[in-house]
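Here is the structure we will look at.
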Amino acid sequence: MGLGVKADLLRRPAFWLALSAFFLPIKPAPVNLFLLVAVVLVLGQEAYRKAIASCLFSPVGYSILALVAWLMASTLLPDSSWQSANLYLVKYLRLMLIPVLATAVQQDSDRWKILDAFALGVLVSVLASYAVAVGLLPWPADATSPVYFKLHITHNFFIALAAPYVVWRLFERWSCWSAPVRFLALSGLTISLYNFLFMVEGRSGWLAIACIPAVVALRKLGLKKGGVVALALALGALAIVAFSPFVHERVATALHEVQQWHDGLSVAQDTSMGRRLIFWSYSIRAIEHAPLFGHGLGGFELAITPYAMADHFFIFNNPHNQYLLFTVQGGLLALFLYFTVLWALLCRSEGPAPLVLTCLVASYALLNLLNSFHFDFAEGLLFIIATAALAFRANASSEKAHERP
């Protein structure tokens, strides 16, 4: 019987999807391997294959299909080329995995196993960060914070998503979990938040974790009461900036870099916020020349080259703003279609935890102003795995298939 249970577990895509989620904060190779196994198991079993259609032909599925179809069609525009489009095409085609992987969820417990595995992987990355800080692991080259597996931006963004999720899980399951499990969860949460606030720089993550309680307040209490809570949270964030030297220094540095860019100083080209603002200014100028349909997928570098060359700036392929990246390549039509995807996830999804999904989508919507998370590997795959786990009803047909004698 034990071998039968183990064999049944290995046939379930949700198991491999959970393994992929666990390794997202750690290493990419296992992520790709286990994700491939999950996809093969979905496509290789009839019950799962039949469920794909119901996920694909849903508001979320239609919106994803429309966005990807237009981005692929934009390769026909004059500024695009297949050679340059391939870099982006692979990343955006991954969005089509969402309705495929959603069929792996046979019951609600599968969702939480997948997301719990991600949170556990984040904890491993946090423990590695402490090991770097005390000298047990080597300090990575060119790193300004004690991180080991990922860059500080990804490290802190993942904590910003995992920590509120763990708080929600504790609230929902407090009476069901044993005292040791509660202790371990609270301990992991505490050391992760300390690492997040006082050890690893990551202004993007700080914004994400600040927006989540505001979203919860607005969703639970309504606009008026929720707005009061959001204001109180904003004041609390200002207090952290004022009284935490680590946070204050990072915020002050960002403001100083913005001022250097505003003043036209050449040093701005070598600072984090200065470069971002230069990226954005070139992108906006490129959009002005092809606002409706863009320059085509892969046409980004060609579109910004005249402005970069005029300023003796390097040619880049990512403006660190997902909205600008979509709009330069696919125009306002691509931007509209992407907002349609977010709207469908927020308003037309069928999962059992709309609050958790809302917080996830809101975090990506906010942080995509400062990063291109659908262009980045780990962040892009987390969006795919998490929305697949949260946005659709459970695949009851596959559950019944496994129950057959």
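Considering only residues that are at pLDDT 90 or above and among the hydroxyl-bearing types (Ser, Thr, Tyr), look in segment 264-309 and name the one that is nearest to the chain's Cα centre (by Cα). So, considering only residues that are at pLDDT 90 or above and among the hydroxyl-bearing types (Ser, Thr, Tyr), the one nearest to the chain's Cα centre (by Cα) is Ser283.
In the condition set (1) touching a Leu at 6+ places or on another chain (Cβ under 6 Å); (2) without any contact (Cβ under 8 Å) to a residue 12 or more places away in the chain, Leu137 is compliant with all but (1).
Does Leu95 qualify as being hydrophobic (A, V, I, L, M, F, W, C) and modelled with pLDDT of 90 or more?
Yes.
Restricting to segment 63-80, and then to whatever is open to solvent by less than 50 Å² (accessible area, probe 1.4 Å) and more than 21 Å from the chain's Cα centre (by Cα), can you tell me which residue is nearest to Ala344 (Cα to Cα)? This residue is Trp70. So in segment 33-51, with the set limited to residues that are open to solvent by less than 30 Å² (accessible area, probe 1.4 Å) and of a type outside the set (Phe, Trp, Tyr), which one is modelled with the lowest pLDDT? Across segment 33-51, the extreme among qualifying residues is Ala47.
Scanning segment 354-381 for residues that are of a type in the set (A, V, I, L, M), in contact (Cβ under 8 Å) with a residue 60 or more places away in the chain and open to solvent by 10 Å² or more (accessible area, probe 1.4 Å) turns up Leu355, Val356, Leu360, Ala362, Leu366, Leu370.
Yes or no: segment 41-54 includes at least one residue that is touching a Leu at 6+ places or on another chain (Cβ under 9 Å) and under 26 Å from Ala334 (Cβ atoms). Yes, that holds for at least one residue. Can you tell me how many residues in segment 19-34 are under 16 Å from the mean Cα position of the chain (by Cα) and of a type in the set (A, V, I, L, M, F, W, C)? So the count comes out to 6.
Per-residue answers, yes or no, for (1) surrounded by 15 or more Cβ atoms within 10 Å (Cβ to Cβ); (2) modelled with pLDDT of 75 or more:
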position	(1), (2)
Ile209	yes, yes
Ala217	yes, yes
Lys220	no, yes
Lys224	no, no
Val228	no, yes
Ala232	no, yes
Leu235	no, yes
Ile240	yes, no
Phe246	no, no
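Each residue in segment 148-166 was checked for being open to solvent by 10 Å² or more (accessible area, probe 1.4 Å), free of Cβ contacts under 8 Å to residues at least 60 places away in the same chain and under 12 Å from the mean Cα position of the chain (by Cα), and 0 of them qualify. The condition of being open to solvent by less than 20 Å² (accessible area, probe 1.4 Å), part of a helix (DSSP H, G or I), closer than 12 Å to Gly299 by Cβ and in contact with a helix residue (DSSP H, G or I) (Cβ under 6 Å, 6 or more places away or on another chain) holds for only one of Ala117, Ala85, Ala102, that being Ala85.
When residues in segment 260-276 are screened for being surrounded by fewer than 18 Cβ atoms within 10 Å (Cβ to Cβ) and outside any loop (DSSP other than H, G, I, E, B), 6 of them pass. List every residue pair whose Cβ atoms sit under 9 Å apart, with the two residues 6 or more apart in sequence or on different chains, where the first one lies in segment 79-94 and is without any contact (Cβ under 8 Å) to a residue 60 or more places away in the chain and the second, anywhere, is open to solvent by 40 Å² or more (accessible area, probe 1.4 Å) and not basic (Lys, Arg). Close Cβ pairs satisfying both conditions: Leu93/Met72. Close contacts from segment 111-130, counting a first residue that is touching a residue at least 24 places away in the same chain (Cβ under 8 Å) and over 14 Å from Leu189 (Cα atoms) and a second that is of a type in the set (S, T, N, Q) and in a helix (DSSP H, G or I), with Cβ to Cβ under 6 Å and a gap of 6+ residues or different chains, come to Ser129/Asn195.
Scanning segment 167-205 for residues that are in contact with a helix residue (DSSP H, G or I) (Cβ under 8 Å, 6 or more places away or on another chain), open to solvent by 30 Å² or more (accessible area, probe 1.4 Å) and in a helix (DSSP H, G or I) gives Val167, Trp168, Arg182, Leu186, Ile191, Leu193, Leu197, Phe198, Arg203.
The set of residues from segment 304-340 being open to solvent by 10 Å² or more (accessible area, probe 1.4 Å), in contact (Cβ under 8 Å) with a residue 60 or more places away in the chain and part of a helix (DSSP H, G or I) comprises Leu333, Leu337, Thr340.
Per-residue answers, yes or no, for (1) in contact with a strand residue (DSSP E or B) (Cβ under 7 Å, 6 or more places away or on another chain); (2) under 24 Å from Leu369 (Cα atoms); (3) of a type in the set (Phe, Trp, Tyr):
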| residue | (1), (2), (3) |
| --- | --- |
| Ala163 | no, yes, no |
| Val181 | no, no, no |
| Phe196 | no, yes, yes |
| Gly205 | no, yes, no |
| Val216 | no, yes, no |
| Glu249 | no, yes, no |
| Thr253 | no, yes, no |
| Ser272 | no, yes, no |
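Can we say Leu136 is out of contact with any Ser or Thr (no Cβ under 8 Å at 6 or more places or on another chain) and assigned to a loop (DSSP other than H, G, I, E, B)? Can you show your working first?
Details: out of contact with any Ser or Thr (no Cβ under 8 Å at 6 or more places or on another chain): yes; assigned to a loop (DSSP other than H, G, I, E, B): yes.
So Leu136 passes the test.
Just one of the numbered conditions (1) open to solvent by less than 40 Å² (accessible area, probe 1.4 Å); (2) at pLDDT below 95; (3) in a helix (DSSP H, G or I) is not true of Ser20: (2).
The values are calculated or read from the model by the stated rules, or taken from the named source; none is laboratory data. Computed from a predicted structure; not experimentally measured. We place every Cβ from the backbone using ideal geometry, glycine too, and count neighbours over all the protein chains shown. Ligands, DNA and RNA are stripped out before the accessible areas are found, and what is left, the full protein with its side chains, is counted by its heavy atoms. Shrake-Rupley method; radii C 1.70, N 1.55, O 1.52, S 1.80 Å.
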